[in-house]
Amino acid sequence: MRIEDIKKKIRVIKNFPKKGILFRDITPLLQDPYIRNYVILEIQNYFKDKKIDVIASAESRGFIFGAILAERFFCSFIPLRKPGKLPYKTLRYDFKTEYSVDGFEIHQDAIKKGDNVLIVDDLLATGGTAEAAIKLVERLKGKVVGLAFLIELSNLKGKKKLKDYDIFSLIKYGR
């Protein structure tokens with residue numbers, strides 16, 4: 001399968017969620033089981049030699065890929081949720097995205113000291129979401145063994161914020 005075939009399944013919506021943003025809508029990709037499976041296999045193959053205890057994924061589209069990968073790696077799945085969505089004791093980290101200020105929470109007992117954690121999300125833009133995920137994992141004494149993204153908007157230089165980590169991005173826009 002070619003990256004161009006996958007890109008054809010990603011719809012571009014101008015001025016969403018606000019003026020000046022080109023939103024990458026992955027819902028058409030998710031509707032295609034062959035392409036969705038290819039994406040999962042590419043991520044799985046990239047990280048196959050890492051010992052992964054936990055997949056931590058960002059709300060909400062990261063959950064889709066993260067949950068499937070947790071099944072494939074036969075490991076725990078941890079949701080990183082927007083504030084106020086988790087029912088138990090949490091840790092919180094606030095961050096900036098390409099177009100907003102937001103925050104994530106994680107249950108305080110989600111990760112054990114020394115757990116190897118793969119962070120999974122659909123998109124890397126400015127790196128704010130990924131940085132928040134890393135901070136939460138590390139505050140719980142987990143070890144981030146990598147970050148996996150379907151899409152990277154390389155012109156926004158989010159990868160620069162994450163330079164100390166092993167990063168996999170299947171599709172790159174904006175070079």
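The values are calculated or read from the model by the stated rules, or taken from the named source; none is laboratory data. This structure is a prediction, so every number in the text was calculated from the model and none was measured. Using ideal geometry, Cβ is built from the backbone for each residue, glycine included, and neighbour counts are taken over all protein chains shown.
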Exercise for the section: Would you check if there is a residue in the range 128-142 being out of contact with any His (no Cβ under 8 Å at 6 or more places or on another chain), assigned to a strand (DSSP E or B) and among the charged types (D, E, K, R)? Expected result: no
Exercise for the section: Would you point out the residue of the range 72-92, among those that are in a strand (DSSP E or B) and over 16 Å from the mean Cα position of the chain (by Cα), that is surrounded by the most Cβ atoms within 10 Å (Cβ to Cβ)? Expected result: Thr90
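Here is a yes/no grid of residues against (1) modelled with pLDDT of 95 or more; (2) polar (S, T, N, Q); (3) surrounded by 15 or more Cβ atoms within 10 Å (Cβ to Cβ):
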| site | (1), (2), (3) |
| --- | --- |
| Pro17 | no, no, no |
| Gln31 | yes, yes, no |
| Tyr38 | yes, no, yes |
| Ala70 | yes, no, yes |
Practice task
Just need a number here: residues in the range 143-173 that are in a loop (DSSP other than H, G, I, E, B) and either within 22 Å of Ile35 (Cα to Cα) or in contact with a Lys or Arg (Cβ under 9 Å, 6 or more places away or on another chain) (or both).
Solution key: 1
Practice task
Residue by residue through the range 123-167, note down the ones that are within 10 Å of the chain's Cα centre (by Cα) and farther than 26 Å from Gln108 by Cβ.
Solution key: Leu123, Leu124, Phe149, Leu150, Ile151
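Would you mind stating whether Thr97 is closer than 19 Å to Ile151 by Cα, touching a residue at least 24 places away in the same chain (Cβ under 8 Å), surrounded by fewer than 19 Cβ atoms within 10 Å (Cβ to Cβ) and not aromatic (Phe, Trp, Tyr)?
Numbers: closer than 19 Å to Ile151 by Cα: yes; touching a residue at least 24 places away in the same chain (Cβ under 8 Å): yes; surrounded by fewer than 19 Cβ atoms within 10 Å (Cβ to Cβ): yes; not aromatic (Phe, Trp, Tyr): yes.
Spelling it out, Thr97 is indeed closer than 19 Å to Ile151 by Cα, touching a residue at least 24 places away in the same chain (Cβ under 8 Å), surrounded by fewer than 19 Cβ atoms within 10 Å (Cβ to Cβ) and not aromatic (Phe, Trp, Tyr).
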Practice task
Return a yes/no flag: does the range 46-53 have any residue that is crowded, with 18+ Cβ neighbours inside 10 Å, in contact with a Phe, Trp or Tyr (Cβ under 8 Å, 6 or more places away or on another chain) and either at pLDDT below 95 or of a type in the set (S, T, N, Q) (or both).
Solution key: no
Problem - Of the criteria (1) free of Cβ contacts under 8 Å to residues at least 60 places away in the same chain; (2) over 14 Å from the mean Cα position of the chain (by Cα); (3) farther than 28 Å from Gly174 by Cβ, which one Pro28 fails - result: (3)
Handout entry: Within the range 93-127, considering residues that are within 18 Å of Gly62 (Cβ to Cβ) and either assigned to a helix (DSSP H, G or I) or small (Gly, Ala, Ser) (or both), the one modelled with the highest pLDDT
Key = Ala110
